[in-house]
Amino acid sequence: MNLRRFPATREVSIAVLAFLYIPVVVLTAYSFNANRTATVWTHASFDWYARILTNPSIQAATWNSIVLATAASIAATGIALMAALATRRAFPGRSTTESVLNLPLILPEIVVAVATLLLFVSLGISLGLGAMILAHTAFCIPFAYLPIRARLDGLSGSYEEAAQDLYANRFRTFRRVTMPLLWPGVMAGFTLAFVTSLDDFLTSFFLSGPGTTTLPVYIFSAIRAGITPEINAISTVMLLISILLVSLSFFLGRLRR
Amino acid sequence: MTSSATVRRGLLLLPALAIILLLIGLPLGLMGWVSLLQKGGSSGVDWSAPPSIGNYLRLVWEEDFDGTMILNPTYLVIFLRSVAQAAVTTFLCLCLGLPVALWMAGLSKTGRNVMLLLITIPFWTNLLVRNYAWLIILREDGWTARAVNAVWPFGPVQLLYNDVAVAIGLTYSFLPFMILPLYSVFEKFDWRLIEAAHDLGATRRRALKRVVLPLVMPGIVAGSLLVFIPCLGAFVTPALLGGGKTAMLGNVIQAQFGSARNWPFGAAVSVVLLAIMLVVMTAMALWRNRRAAA
Amino acid sequence: MHDDPAVSIEHVSKAFGRGATAVHVLHDVSVTIGRREFFTLLGPSGCGKTTLLRLIAGFETADSGLIRIDGADVTDAPPFRRPVNTVFQNYALFPHMTVEQNVGFALEEQGLPRDQIRRRAGEALEMVRMQSFAQRRPAELSGGQQQRVALARALAPRPKVLLLDEPLSALDLKLRKEMQIELKQLQSEAGITFIFVTHDQEEALTLSDRVAVMQSGRILQMGPPRSIYEAPTHRFVADFIGDINLIEGEALASGGIRLPGGATLPGPAAAPGRVTLAVRPERAKIVPAGSGVIDATLVHSAFLGTAMLHKLTLPDGASFLIREADLSAPMPERGGTVGLSLPVEALQVLQA
Ligand SMILES: Nc1ncnc2c1ncn2[C@@H]1O[C@H](COP(=O)(O)OP(=O)(O)O)[C@@H](O)[C@H]1O
Ligand SMILES: [Mg+2]
């Protein structure tokens with residue numbers, strides 16, 4: 001009797017995997033359906049992909065999303081890297097600091113989004129890309145922070161001691177030893193922050209000004225207006241990008257442990 | 001610890017703490033204040049209004065035309081529905097997540113890594129898009145609806161825009177939040193303890209109940225918290241899959257900050273949502289402390 | 001200046017933490033270590049050896065006291081300004097660099113030109129016979145090979161002092177013995193002071209010019225291996241190093257020491273009162289009953305290959321071991337009474 005095998009867990013697991021992935025498969029399949037009514041399968045085609053490529057609203061939204069995700073995730077990763085280095089060793093107040101850094105993870109996003117809206121409007125900060133970059137940077141920090149911290153925790157302090165022992169000062173030690181060893185964690189953190197920002201809908205929904213719609217916000221309003229094959233196509237593209245980036249970050253996180 | 005190290009640490013932490021406190025802490029504080037004000041002005045808030053708890057009272061009572069306060073069940077119902085939906089979703093996630101986590105933990109290292117990736121991917125993909133996929137599957141003229149209606153004996157059913165569709169969507173959205181903490185517990189689980197239980201005369205069922213369950217409890221609690229809290233504040237799923245009559249707290253907040261344009265009232269609903277969250281988390285923390293002390 | 005010791009540690013104390021939870025790890029430790037000396041810190045795990053070594057390397061700062069290297073006060077100098085290098089217990093080879101880059105690391109930090117770095121890294125690798133692995137990564141080496149690279153890396157900048165923290169503890173027994181010999185050779189060839197940390201008494205005695213035995217943050221006894229072995233001054237040192245017999249006796253005001261059973265020995269000298277005498281098993285002999293200083297009962301004999309080991313019980317119930325190297329000596333009968341001969345010069349009076 002194998003103690004680790006429990007009856008029916010395998011069957012349930014397979015069912016759960018199906019539950020998780022069938023919607024994705026269905027969506028992808030429909031995005032290749034030539035028929036406009038989207039329920040009647042005619043034949044496979046790339047028409048809708050071609051069409052989203054030439055849709056100016058989608059182009060603009062895509063551009064906004066990319067600019068936003070790039071700016072927010074670079075800022076968040078830099079800030080998170082500094083914070084991770086600072087919280088590496090124990091100090092009084094470390095656990096409080098960590099809780100504050102992880103605050104965006106536990107707070108309901110809609111509450112934070114409307115609160116930020118409230119703050120920006122009452123301070124007279126105009127909504128749009130700048131406002132979104134600020135807000136996204138804040139909630140991306142823990143997504144970048146956690147993989148970097150995990151990497152740092154797995155990094156024995158004796159590498160840095162060895163570097164100092166071999167006459168590297170603090171800065172040289174950071175450049176020649178800490179940073180190269182930390183790099184996969186930094187990249188994993190950056191990727192996760194990027195995906196998080198790219199996929200975000202709620203915060204952007206409340207903070208996007210006129211002309212600064214992001215892709216998820218565009219998709220939401222398009223769905224509200226009625227299901228179209230273009231939505232299927234652009235949604236499929238979004239899914240694929242996330243899957244690729246997350247897989248990348250997963251492998252980076254496991255690199256040379 | 002020398003003081004120069006303390007200064008260096010402070011400087012390194014400054015940007016992160018400043019951003020989070022200014023862009024999350026400060027807005028939440030401001031929202032608490034605004035929830036006591038009245039709507040008005042161009043920005044939606046009458047800043048000169050005297051603070052009052054009127055918005056909170058409005059959640060339960062409304063003023064009748066002759067000035068008496070009568071019970072208004074609208075928001076109470078939404079509040080109860082949100083809690084019920086969150087609870088049901090948590091329960092469903094637990095029922096599905098436990099077997100999956102248990103099964104994953106028994107796999108080879110490669111198998112575990114593959115499963116971990118497969119479970120993690122939906123966690124990171126676009127919530128909106130994933131709920132939209134369910135919209136396609138469940139919609140009226142879709143093949144799922146037709147198949148269900150072909151076998152359903154009691155007249156035509158609508159799969160979309162009801163509580164069931166929302167429960168499916170929420171479970172789908174938050175299932176990974178349950179599986180991952182459960183898995184991390186099972187991964188570290190010492191399976192020889194079960195052997196020991198068997199050796200001491202426990203049957204399989206008793207071993208599960210007396211040995212596995214108590215040790216896995218922290219994972220169950222963590223996972224439940226991670227599912228329950230975002231469910232409570234869900235907006236996208238009820239907005240896409242729920243109908244007009246199945247709104248949750250998140251929809252109320254969005255409506256008040258959007259079309260209804262009553263920001264102070266929306267702020268009050270948000271504060272209530274935060275308060276529930278705080279109560280749940282405090283209860284969990286107390287439970288954890290008691291457990292640690294025991 | 002030329003006669004300055006390689007390292008001198010003066011009244012160094014160190015505690016971790018502050019207030020009530022402080023752990024006092026070193027208590028007023030003073031040591032002077034000469035040039036080209038192979039100096040070993042020996043003691044059980046947790047006695048503060050690593051901490052003392054890390055203070056010399058500069059990874060920790062002393063709470064009080066002074067540390068000089070080559071005469072210069074380095075008490076507050078950071079590790080990268082101290083002319084010492086460390087061989088880490090887990091080697092700490094940089095995983096993202098090749099063997100050659102690891103060994104050349106310090107030379108690059110010292111700003112040497114590229115061709116010199118290559119040459120000296122090559123020489124250092126040659127010293128530990130690892131030249132052919134120069135382009136490998138640490139992960140592609142065995143434990144013993146990593147150990148050699150770690151040595152080469154620490155020797156390449158030609159430090160005044162090399163610090164080694166249990167460098168052999170991760171190796172299996174056979175490799176360990178080989179490396180011990182190599183270490184000793186390297187040290188005499190390179191002409192560098194070695195400060196070596198170990199909890200293995202045999203290793204300490206084999207390798208060192210001088211050994212310091214530590215317990216609970218204090219140095220109990222310091223000296224050449226032979227004197228530590230033959231003339232332990234503390235019960236702890238005697239117990240920690242090799243097999244030893246302890247005899248509880250009483251020093252008499254009239255001189256001499258009364259043993260259990262009533263016999264009196266003329267020496268060694270001790271203050272009147274209860275004393276503990278120590279004697280190594282190979283320094284005592286079995287003689288016919290009545291002709292030794294004490295009579296004892298033979299409990300058990302075992303053949304060790306090169307010697308016989310006899311286990312006796314003294315009149316006060318204490319057990320006593322004798323190692324008899326002369327295999328032709330007459331075999332006493334088990335359970336019988338035998339005499340015990342104890343040369344006075346082999347007896348050591350212990351402090352508690
Ligand atoms: N950074 C530290 N913080 C707290 N206690 C420490 C630290 N480093 C060492 N100690 C304590 O100091 C004592 C001596 O440690 P160490 O010098 O490593 O001993 P050894 O190398 O002889 O085994 C141990 O009790 C250890 O727990
Ligand atoms: Mg040690």
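The values are calculated or read from the model by the stated rules, or taken from the named source; none is laboratory data. These numbers were taken from a predicted model, which means no experiment stands behind them. Cβ placement follows ideal geometry from the backbone for every residue including glycine, while neighbour counts extend to all protein chains displayed. Side chains included, ligands, DNA and RNA excluded: accessible areas come from the protein's heavy atoms. Shrake-Rupley method; radii C 1.70, N 1.55, O 1.52, S 1.80 Å.
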Please list 3J(HN,Hα) in residue order for segment B:57-74, calculated via the Karplus relation 6.51 cos²θ - 1.76 cosθ + 1.60 where θ = phi - 60°; whole Hz, with x for glycine and proline. 5, 4, 5, 10, 10, 10, 7, 6, 4, 9, x, 7, 8, 10, 5, 10, x, 3
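Can you give me the accessible area per residue for chain C, using a 1.4 Å probe, in Å²? If you can, show how the numbers build up before the last one.
Working: 15860 Å² over 352 residues.
Result: 45 Å² per residue.
Per DSSP helix of 4 or more residues, -39500 (n - 2.57); summed, then divided by the residues of the protein assembly as shown. What does that give at 222 nm, rounded to the nearest 500? Please report the intermediate quantities before stating the final value.
Details: 35 runs with 480 residues, N = 903.
One gets -17000 deg cm²/dmol as the mean residue ellipticity at 222 nm.
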Taking C:LYS14 as the anchor, which lysines have their alpha carbon closer than 19 Å to its alpha carbon, excluding any fewer than eight residues away along the same chain? C:LYS49
Cα-based convex hull volume of segment B:168-294 per residue, rounded to whole Å³: 123
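Accessible area per residue, 1.4 Å probe, Å², for segment B:11-136: what's the number? Don't skip to the answer; put the middle values down first.
Values: 5750 Å² over 126 residues.
Counting only protein heavy atoms, the per-residue value for segment B:11-136 is 46 Å².
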Spatial separation of Cα centroids for segment A:171-215 and segment C:269-312, in angstrom: 75
Isotropic mean projected area of the C-alpha convex hull, chain B (nm²): 25.6
Name the residue farthest towards the positive end of the dipole of segment A:55-253 from the options A:LEU240, A:LEU202, A:SER73, assuming +1 on Cβ of Lys and Arg, -1 on Cβ of Asp and Glu, about the Cα centre. A:SER73
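Interface size between chain B and chain A, please: total buried accessible area, 1.4 Å probe, rounded to the nearest 100 Å².
Numbers: alone 17830 and 15460 Å², together 25560 Å².
Using a 1.4 Å probe, the pair buries roughly 7700 Å².
Once Rh for segment B:80-137 is found with the Kirkwood sum over Cα pairs, what is the Stokes-Einstein diffusion coefficient at 20 °C and 1.002 mPa s, in µm²/s?
Here the translational diffusion coefficient equals 159 µm²/s.
Rg to Rh ratio, segment A:55-253, alpha-carbon atoms and Kirkwood radius? Present the calculation step by step, with values, prior to reporting the outcome.
On the way: Rg = 19.3 Å, Rh = 18.3 Å.
Rg/Rh for segment A:55-253 comes to 1.05.
Mind giving me the FRET efficiency for B:LEU193 and A:SER126? R0 is 51 Å, r the Cβ-Cβ distance, nearest 0.05 is fine. Mind showing how you got there, number by number?
Values: r = 60 Å, r/R0 = 1.18.
Efficiency, from the Cβ-Cβ distance: 0.25.
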Would you calculate the separation in nanometres between label points at C:ALA329 and A:TRP63, each defined as 7 Å from the Cα along the Cα-to-beta-carbon direction? 9.9
For segment C:283-352, what D do you get in µm² per second when you plug the Kirkwood radius from alpha-carbon pairs into Stokes-Einstein at 4 °C and 1.567 mPa s? 103
Checking B:PRO15, B:PRO51, B:PRO238 against a Gaussian network model of chain B (alpha-carbon springs below 10 Å), the top fluctuating residue turns out to be B:PRO15
Those lysines that a straight Cα-Cα span of less than 17 Å connects to C:LYS184, excepting residues fewer than 8 apart in one chain: C:LYS160, C:LYS174
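If you put +1 on each Lys and Arg Cβ and -1 on each Asp and Glu Cβ, how big is the dipole of segment C:7-230 around its Cα centre, in Debye rounded to 20? Walk me through the numbers on the way to the answer.
Numbers: 27 positive and 26 negative charges, 64 e Å.
That gives a dipole near 300 debye.
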Alpha-carbon centroid distance for the pair segment B:197-263 / segment B:32-59, whole angstrom: 31
On complex formation of A with C, accessible surface lost, both sides summed, probe 1.4 Å, nearest 100 Å², amounts to 2100
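Using alpha-carbon pairs under 8 Å, 6+ residues apart, how would you state the relative contact order of chain B in percent? Don't skip to the answer; put the middle values down first.
Details: 305 pairs, mean separation 74.4, N = 294.
That works out to 25 percent.
Averaging over all projection directions, find the projected area of the Cα convex hull of segment C:7-230 and quote it in nm² with one decimal place.
Numbers: hull surface 50.4 nm².
Its Cα hull, projected and averaged over all orientations, spans 12.6 nm².
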When the Karplus curve 6.51 cos²θ - 1.76 cosθ + 1.60 is applied with θ = phi - 60°, which whole-Hz ³J(HN,Hα) does each residue of segment A:141-153 get, with x for Gly and Pro? 3, x, 5, 7, 5, 4, x, 5, 4, 4, 5, 4, 5
With the calculation restricted to Cα positions, what are the radius of gyration and Dmax of segment C:1-129 in angstrom? 17.2, 55
For segment B:76-248, compute Rg over Rh where Rg is the Cα radius of gyration and Rh is the Kirkwood radius from the inverse mean 1/r over Cα pairs. 1.06
Projected label distance in nm at C:LYS160 and A:SER45, using a 7 Å step from Cα toward the beta-carbon: 8.4
Computed over segment C:244-302: relative contact order in percent, which uses C-alpha pairs under 8 Å that are six or more apart: 34
Whole-percent carbon and sulfur contribution to the accessible surface of segment C:215-352 (1.4 Å, no ligands, DNA or RNA) stands at 53
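Looking only at the protein assembly as shown, where both bridge partners belong to it, what percent of the DSSP beta bridges are antiparallel (to the nearest 5)? Walk me through the numbers on the way to the answer.
Values: 58 of 77 bridges.
Counting only bridges with both partners in the protein assembly as shown, antiparallel ones make up about 75 percent.
Can you tell me the accessible area per residue over segment A:55-253, all protein chains present, probe 1.4 angstrom, in square angstrom? Intermediate results must be reported in sequence, preceding the final value.
Working: 6830 Å² over 199 residues.
Each residue of segment A:55-253 exposes 34 Å² on average to a 1.4 Å probe.
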Just to be sure I understand: with springs between alpha-carbon atoms less than 10 Å apart, which residue in B:LEU226, B:LEU26, B:LEU13 has the highest mean-square fluctuation in the Gaussian network model of chain B? B:LEU13
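Evaluate Rg over Rh across segment B:117-177, taking Cα atoms for both radii and Kirkwood's formula for Rh. It would help to have the intermediate numbers written out before the result.
Details: Rg = 13.4 Å, Rh = 12.7 Å.
With Rh from the inverse mean 1/r over Cα pairs, Rg/Rh is 1.06.
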Give the distance, in whole Å, between the Cα centre of segment C:123-154 and the Cα centre of segment B:100-158. 54
Share antiparallel - DSSP beta bridges, chain C, percent rounded to 5: 75
Added length on full extension, which subtracts the Cα-Cα distance from 0.36 nm per residue, A:ILE14 to A:ASN169: 50.4 nm
On average, how much area does the Cα convex hull of the protein assembly as shown cover when viewed from any direction, in nm²? 55.3
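So, with +1 on the Cβ of K and R and -1 on the Cβ of D and E, and no other charges, what is the size of the charge dipole of the protein assembly as shown about its Cα centre, to the nearest 20 debye? Walk me through the numbers on the way to the answer.
Details: 76 positive and 62 negative charges, 263 e Å.
Here the protein assembly as shown has a charge dipole of around 1260 debye.
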Given a Förster radius of 25 Å and the C-beta distance between A:THR28 and A:THR70 as r, what FRET efficiency does 1/(1 + (r/R0)^6) yield to the nearest 0.05? 0.45
If N is the residue count of segment A:31-153, its Cα Rg over 2.2 N^0.38 Å rounds to 1.50
Most mobile of B:PHE235, B:PHE174, B:PHE154 in a GNM of chain B (Cα contacts under 10 Å): B:PHE154
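Using the Cα centre as the reference, give the magnitude of the dipole from point charges on the C-beta atoms of chain B (Lys, Arg: +1; Asp, Glu: -1; all else neutral), rounded to the nearest 20 debye.
Values: 22 positive and 12 negative charges, 252 e Å.
Computed about the Cα centre, the dipole is about 1220 debye.
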Mind checking the angle between helix B:109-124 and chain B's longest principal axis? C-alpha axes, 0 to 90 degrees, to the nearest 10. 10
Taking just the alpha-carbon atoms of segment A:169-257, what radius of gyration and Dmax come out, in angstrom? 18.3, 62
Sorting B:LEU241, B:ILE119, B:GLN254 by the position of each Cα along the dipole of the protein assembly as shown (Lys, Arg +1; Asp, Glu -1; all at Cβ), the one nearest the positive end of that ordering is B:LEU241
Just grab the label-to-label distance for C:LYS174 and C:GLU126, each label 7 Å out from Cα along the Cβ direction, in nm (one decimal). 3.0
When the charge dipole of segment C:294-336 is computed with +1 on Lys and Arg Cβ and -1 on Asp and Glu Cβ about the Cα centre, the Cα farthest towards its positive end, among C:GLY335, C:ALA325, C:PHE303, belongs to C:PHE303
For B:GLN38, the residues 5 or more places away or on another chain with a placed amide H closer than 5 Å to its own amide H are B:ASP46, B:ALA49
For segment A:116-124, what does the Karplus curve 6.51 cos²θ - 1.76 cosθ + 1.60, with θ = phi - 60°, yield as ³J(HN,Hα) per residue in whole Hz, taken in order and with x for Gly and Pro? 5, 4, 4, 4, 4, 5, 6, 8, x
Tell me, what % of the accessible area of chain B is carbon and sulfur with a 1.4 angstrom probe? 69
